Structures are given as structure tokens and as C-alpha cells.
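K.L.:
My structure is below; once you've seen it, I'll send some questions.
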């Protein structure tokens, strides 16, 4: 058990110390989603809900979101979400400072001792209920409408 804790701490420290971290591209995010669907399969209904940006608090969905957050390098099981990376990845048309303030408001230290998937889901839920979430929803909606128009 101690080996795993030390390994987790080392991985989080290495990831957090990496000043070269860059937001993931659309293609990288798409590949991460595919990988995470393989690791944490979802039902057709769950996938439909996610496409509508509805995130049910269900174990499979939480595991999928945890997987995605970890592969995006914005969450680790020791420290939780990294506000600076959240702000860079999801700032949309906000200033990085505003996005950082929002992200910091959604981060907790997991005083409850929740499992990692519950902890990650809690932060995700907060972020999606924020101005960043509104921007993400508007972006996805515009993308869907553009796809419909070109079809």
C-alpha cells in the first residue's frame, strides 16, 4: 500500500512540476475520450446524456470522468484538480485569471475522504455549473448546430 502511495505522490509531483504542460488539442481530447470509453464503458443512454452535457452521478460516468481528467493531466488522485491547468484547458474566451478564479473555487482538498471518482465528479459538477461550464455548453451547442447546418 505504501508503495502505491509513494508512486502516486511521485507521479502527481512529476506532473505538477512539469512547467511545459500545455492544454490538450481537440484531437488529443477525442483520443482520450475513446481511451476512457474503452477503460470505463458507458451505456448508450449514458453516452447520449454526455453528448447533451448531462452528467449523471453514476459509478460508470464518474469513472469515465476521472479517467478523462487524469489523462488530460488536470487531476491526480493525491492533489485533486490542478486549478492552473483547468484554467488553461477550459478558459474558452475568458481571461486566464478569471478562469483560474473559477477553477480555484471548484477545487477542494477532499476532506471527506471520498473515492477519487467521487472527488473528480464533485469538481467537474462545480465547474460545469460555473461560467466556464456555460462557455463549454455554448461552444458544444454551436458545434452541433454547425454540424447540422453542414449536413
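K.L.:
For the list (1) modelled with pLDDT of 95 or more; (2) over 15 Å from the mean Cα position of the chain (by Cα); (3) within 20 Å of residue 135 (Cα to Cα); (4) not in a helix (DSSP H, G or I), I need the number of the one condition that residue 23 fails.
P.N.:
Status for residue 23: all satisfied but (2).
K.L.:
In this structure, does residue 90 turn out to be in contact with a helix residue (DSSP H, G or I) (Cβ under 6 Å, 6 or more places away or on another chain), modelled with pLDDT under 95, under 16 Å from residue 127 (Cβ atoms) and surrounded by 15 or more Cβ atoms within 10 Å (Cβ to Cβ)?
P.N.:
yes
K.L.:
When you scan the range 116-126, do you find a residue that is over 16 Å from the mean Cα position of the chain (by Cα) and closer than 24 Å to residue 21 by Cβ, even just one?
P.N.:
So the first thing to find is which residues in the range 116-126 are over 16 Å from the mean Cα position of the chain (by Cα), and the list is none.
No: the range 116-126 contains no residue that is over 16 Å from the mean Cα position of the chain (by Cα) and closer than 24 Å to residue 21 by Cβ.
K.L.:
What about residue 86, is it in a helix (DSSP H, G or I) and within 23 Å of residue 25 (Cβ to Cβ)?
P.N.:
Details: in a helix (DSSP H, G or I): yes; within 23 Å of residue 25 (Cβ to Cβ): yes.
Judged against the criteria, residue 86 is a match.
K.L.:
Take residue 113 and tell me if it is surrounded by fewer than 18 Cβ atoms within 10 Å (Cβ to Cβ) and without any contact (Cβ under 8 Å) to a residue 12 or more places away in the chain.
P.N.:
Working: surrounded by fewer than 18 Cβ atoms within 10 Å (Cβ to Cβ): yes; without any contact (Cβ under 8 Å) to a residue 12 or more places away in the chain: yes.
Spelling it out, residue 113 is indeed surrounded by fewer than 18 Cβ atoms within 10 Å (Cβ to Cβ) and without any contact (Cβ under 8 Å) to a residue 12 or more places away in the chain.
K.L.:
Quickly run through the range 47-71 and pick out the residues that are surrounded by 19 or more Cβ atoms within 10 Å (Cβ to Cβ) and either assigned to a loop (DSSP other than H, G, I, E, B) or without any contact (Cβ under 8 Å) to a residue 40 or more places away in the chain (or both).
P.N.:
64, 67, 68
K.L.:
Shifting gears a bit: Scan the range 46-87 for residues that are under 13 Å from residue 127 (Cβ atoms) and under 9 Å from the mean Cα position of the chain (by Cα) and jot them down. Give the steps one after another, and end with the answer.
P.N.:
The first filter runs over the range 46-87 and keeps only residues under 13 Å from residue 127 (Cβ atoms), leaving 53, 55, 65, 68-69, 72, 74-75, 80-83, 85-87.
Listed by number, the residues that qualify are 65, 68, 69, 72, 74, 75, 81, 86.
K.L.:
Sticking with this one: Pairs, please: C-beta under 7 Å, at least 6 apart or cross-chain, first residue at negative phi and at pLDDT below 95 and in the range 120-149, second surrounded by 15 or more Cβ atoms within 10 Å (Cβ to Cβ) and outside any helix (DSSP H, G or I)?
P.N.:
Pairs found: 135/94.
K.L.:
Please tell me if residue 143 is surrounded by 12 or more Cβ atoms within 10 Å (Cβ to Cβ) and assigned to a helix (DSSP H, G or I). It would help to see each step written out before you state the result.
P.N.:
Numbers: surrounded by 12 or more Cβ atoms within 10 Å (Cβ to Cβ): no; assigned to a helix (DSSP H, G or I): yes.
No; evaluated as a whole, the condition is false for this residue.
The values are calculated or read from the model by the stated rules, or taken from the named source; none is laboratory data. What you see is a predicted model; the values in this text were computed from it and never measured. Cβ sites come from the backbone with ideal geometry, for glycine too, and all protein chains shown count toward neighbours.
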